[in-house]
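Here the structure is laid out as structure tokens; the discussion comes afterwards.
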Amino acid sequence: MKPVKSKVPAVPMGSIHFYDDILKYFNNKPAKQQIKKGFKTITFVTTGIIAYDGGQTTMLHLGSLLNELGYKVYYLSYVPQSRASMVKNAEFNYPGYRGTCVDVSQLDKHKSDLWVATLWESAYIIKNKPGYKLYFVQDYEPYFYAFGDRYQLAKRTYELGLHMISLGPWCAKMIKENSNYSSPIDEINFPVDLTDYPFEKRGFKKYENKKTVKLAVYTKWDSPRRAPINIQLILQNTQKLLKKKGIELKITYFGTGKSKIFINGKNAGKLTKPEMVDLYHKSDFGIAPSMTNFSLVPFEMMSAGLPFIDFEEGTGAYFLEPNTYLSTKMNEYNLTQTIAQALQQPKQLKRMVNAAADHLQNVTWKKTITDFMGILNGLEPID
């Protein structure tokens, strides 16, 4: 099955006309919360449904679990995209998803007991609608932009009175440290679906004598938070340093369209889940830089049994146990040393990978939906 190519353009810098269709929603009027007894409808407001989008896949998974628990779940787009395209991409991202896709023509007509913002723009859209407003925070989104107008617009959403639910602890920490918020901030578990990325034992004894090391690297060309420029520069220099030690570093990038040309390695493009599993099983180490909130990819790599390398400058320490991954600084000297030392410690690598597999048993979707339902059950209805 092939997804539908999204018509949603990359966000242009400096043009207010990108927001012409939704300008009326942008104001600083604080949210007024209204909670009904026995609320049943939940609507996630989103930028359409885009294929290969990890955040939207998480949204679809969460929505599907809520649907199974008896809630009527909707995914409402605030950008132009046909319902047929939304459905097809939703099925591609999360096969068997539950809930109803609703296109932008219903943005002013749709009614819901609970509204869930999924991006800073959607916080403005839902904040004054009747009902109770939640804000599913998967990233500290001011960091998506250079310090300027969109940075400030994104930052202001944390002060509008929506009930915030942080995916993991890092976003909650950033909001508390950088915003004058007054509404609740809760946290839920950052989950992984272990069934999609089966664990495979690997021959760690062979690592000690490896002359060729295969590295799987996840990055997005148009996403600074995935460090696409920095990671290429570091890996280019790491290749040279490892070569002096007699080790060839073979790099496979994924997560970026095949039309983009990296300065080294191979660009495998945007992969399906089975293709990612195959890559993880064939690689020796995995890297997935994340400069804002965490990513699903490290958990997927660890679930498949791939030794994961994370950078101290990122957010991994907020989500991973110390003995489950290789931590290093984001420069070629430390990375080279980390890889070279790891190759000489196969028993330690095996213990690390097994510890990672054990850790992932505690970050499952079962815990996430339990966390989320705890929040919903704690809401006090207002007649």
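The values are calculated or read from the model by the stated rules, or taken from the named source; none is laboratory data. These numbers come from a predicted model, not from an experiment. Glycine gets a Cβ as well: all are built from the backbone with ideal geometry, and neighbour counts include every protein chain shown. What goes into the accessible areas is simple: the full protein's heavy atoms, side chains included, and nothing from ligands, DNA or RNA. Shrake-Rupley method; radii C 1.70, N 1.55, O 1.52, S 1.80 Å.
Worth pointing out:
- Condition met for Asn209 (of a type in the set (S, T, N, Q), under 20 Å from Met59 (Cβ atoms) and modelled with pLDDT under 95): no
- Only one of the listed residues (Ala51, Ala90, Ala146, Ala84) is at pLDDT below 95 and farther than 22 Å from Phe294 by Cβ. That residue is Ala146.
- Thr292 passes every criterion in (1) open to solvent by 10 Å² or more (accessible area, probe 1.4 Å); (2) touching a Cys at 6+ places or on another chain (Cβ under 9 Å); (3) of a type in the set (Val, Ile, Thr) apart from (1).
- Qualifying positions in region 236-258 - part of a loop (DSSP other than H, G, I, E, B) and either out of contact with any Gly (no Cβ under 9 Å at 6 or more places or on another chain) or at negative phi (or both): Lys245, Gly246, Ile247, Thr256, Gly257, Lys258
- For region 86-94, the criterion of being of a type in the set (Gly, Ala, Ser) and without any contact (Cβ under 8 Å) to a residue 24 or more places away in the chain is met by no residue.
- Considering only residues in region 1-41 that are surrounded by 15 or more Cβ atoms within 10 Å (Cβ to Cβ) and under 21 Å from the mean Cα position of the chain (by Cα), the one that is modelled with the highest pLDDT turns out to be Pro3.
- Enumeration of residues in region 205-235 that are open to solvent by less than 60 Å² (accessible area, probe 1.4 Å), in a loop (DSSP other than H, G, I, E, B) and touching a Pro at 6+ places or on another chain (Cβ under 8 Å): Thr219, Lys220, Ala227
- Leading residue by the ranking (surrounded by the most Cβ atoms within 10 Å (Cβ to Cβ)) among those in region 310-355 that are at pLDDT below 95 and of a type in the set (Gly, Ala, Ser): Gly314
- Summed over region 268-304, the residues that are farther than 16 Å from Thr315 by Cβ and not in a helix (DSSP H, G or I) give a count of 10.
- Residues in region 145-162 that are under 20 Å from the mean Cα position of the chain (by Cα) and within 19 Å of Val116 (Cβ to Cβ): Ala154, Thr157, Tyr158.
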